[in-house]
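The values are calculated or read from the model by the stated rules, or taken from the named source; none is laboratory data. From a predicted model like this one, the values you see are computed outputs, not experimental measurements. Please note: Cβ atoms are built from the backbone with ideal geometry, for glycine as well, and neighbour counts cover all protein chains shown.
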Amino acid sequence: MAAMTVLDYDTALKFIAPTCEYDNVPMGKVTGPDGVRAVLEPFFAPTLENEFRILRAVADGPVVFLERLDRHRLAAGWVELPVTGVFEVHDGLITLYRDYYLQAVLYAAEYELRAGQELADEHLDDEGEAAEEQRRRQRAHYSRAAQLYRTYAMRACDSRFDLKVTFGGSGRANGERVDMSERTLRRCITLYGILASTHMVNQVYSAYYKLLKTISAKAWEPSKETLQDLEGAQAQTNAYRFSAKVMPHEPPPPQLETEDNS
């Protein structure tokens, strides 16, 4: 962890066994130090600074569980990602390395969204300090949810090892991970619209558009639902009125698989 804080891959990878299986769930498995580097280098490329906080650690013989809060400073500021990691260590080398990252981000986003929605019936239109505090709490929940959805949307398609990152074109459907990425983008920009953060709506969509065009070799096109939500978010002007159903046409995200990446 200390070596990865400063992105010292050469030092960090000395602790990876040649046969180590690394699985960044649900994005696919790789083997050995070279495989780990191939996954992590693109992931950390945009980061300017990193911090890994270990919140809980449990060991059972060679197996170690770590609950972490990974913090990454990007050009736009700090991003915090909840992660659970599983390691198996033999003779001082890591032989199994599994991070449950994307699911944790998505579940955290869903929690923050629902926590904000539960405040929708708390007389937010009333005057006074109590109502103002309720509005402040709801905005905080929605802001955290938007940031987490943004993280998922931008990270879900950045692994060349994930077989579910495929782009259709010519009438063919995109892969499951691409659809899920775009769905979380819609949730993100809708929430920023509700928060009257028009600059964030435009900034997030512009970055996502450029990313998907690049990794798809220009095959990706935004769906009509995405364009509708973008237009609605850009038109949102009231910073204090929140709808209980912020995405009426969006079903809840399905539970992501943890093993099957075929």
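Filtering the range 85-99 down to residues that are touching a residue at least 60 places away in the same chain (Cβ under 8 Å) and of a type in the set (Val, Ile, Thr), which residue is farthest from ASP70 (Cα to Cα)?
Among those that are touching a residue at least 60 places away in the same chain (Cβ under 8 Å) and of a type in the set (Val, Ile, Thr), it is THR95.
Can you name the condition, by its number, that ASP91 falls short on among (1) acidic (Asp, Glu); (2) assigned by TED's automatic domain parsing to the domain that holds VAL30; (3) on the phi < 0 side of the Ramachandran plot?
Going through (1) acidic (Asp, Glu); (2) assigned by TED's automatic domain parsing to the domain that holds VAL30; (3) on the phi < 0 side of the Ramachandran plot one by one, ASP91 breaks only (3).
Only helices (runs of 4 or more DSSP H) wholly contained in the range 1-101 count here; list those with 2 or more residues that are of a type in the set (Asp, Glu) and exposed (fewer than 15 other Cβ atoms within 10 Å of the Cβ).
Qualifying helices (runs of 4 or more DSSP H): 32-44.
Okay, residues lined up against (1) surrounded by fewer than 18 Cβ atoms within 10 Å (Cβ to Cβ); (2) over 21 Å from GLY116 (Cβ atoms):
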| site | (1), (2) |
| --- | --- |
| ARG172 | yes, yes |
| GLU182 | no, yes |
| LEU185 | no, no |
| LEU191 | no, no |
| SER197 | no, no |
| MET200 | no, no |
| THR214 | yes, yes |
| ALA219 | yes, yes |
